[in-house]
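The values are calculated or read from the model by the stated rules, or taken from the named source; none is laboratory data. All values derive from a computational prediction rather than experimental measurement. Here the Cβ is made from the backbone with ideal geometry for all residues, glycine too, and neighbour counts use every protein chain on show.
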Amino acid sequence: MRILVPGATGSVGQQVVEQALERGHEVVAVSRNPKTLTIENPALTKVSANILNAPDVAPLLEGVDAVISTVGTGSSKSPTTLYSAGTKNLLEAMRVHGVSRLVVISSEVAEHWAHQGALKLWIALPLLQKFLGATYDDMRRMDIVLWESDCQWTAIRAPRIRTVEGKGRYRLSSERPLKRGWFITATDMATALIDIAECDDLDRRHAYIAN
């Protein structure tokens, strides 16, 4: 496959690029500053672009088979439209070029909390919403953008993503939050994103992940 990876210089994005190349895929790595991506490979194309700028996005989708979006705002508390508007621009460009497969990163906090355990329900998730609520609000807007599209999307409700050595395994559920699902390593998150992009059993669904 030829995979477009917006957010390619982030902790998860770099892992997606590296692992996708190892699996034999072609990769188009997209970032506002792709020079910081030190990976070199004949099957890798590095592109400077901002997905919030629709004219930047449209040419990127030519010849692409799937999109794995790893964009993120980090710990910024500022209001953002990166997830909602950025994803909308990707979806429009995908429609033009006939690309149907999209995998994005969301968060457990952006989901309704009805099935969460007591500790997350009463402490962890409310605190995250309080301090980083602008990010999660935009992820909720992204959900609407996804549902309104005709795309074969999958959105991953991730817990805390840690930049530590990968475990070499992950747990995934499309039904409910995972017990003791406190974190996922960036490496294992990337593995899951590629696994999901390669198959079609989670089309138009959210899924929970954890180590």
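Inspection of region 96-103 identifies at least one residue that is charged (D, E, K, R), modelled with pLDDT of 95 or more and closer than 22 Å to GLU148 by Cβ. Just one of the numbered conditions (1) closer than 23 Å to VAL145 by Cβ; (2) in a strand (DSSP E or B); (3) among the β-branched types (Val, Ile, Thr) is not true of ILE196: (2). Any residue at all in region 185-192 that's surrounded by fewer than 13 Cβ atoms within 10 Å (Cβ to Cβ) and outside any helix (DSSP H, G or I)? Checked region 185-192: no residue is surrounded by fewer than 13 Cβ atoms within 10 Å (Cβ to Cβ) and outside any helix (DSSP H, G or I). Is region 116-134 home to any residue that is on the phi < 0 side of the Ramachandran plot and at pLDDT 95 or above? Checking region 116-134: not a single residue is on the phi < 0 side of the Ramachandran plot and at pLDDT 95 or above.
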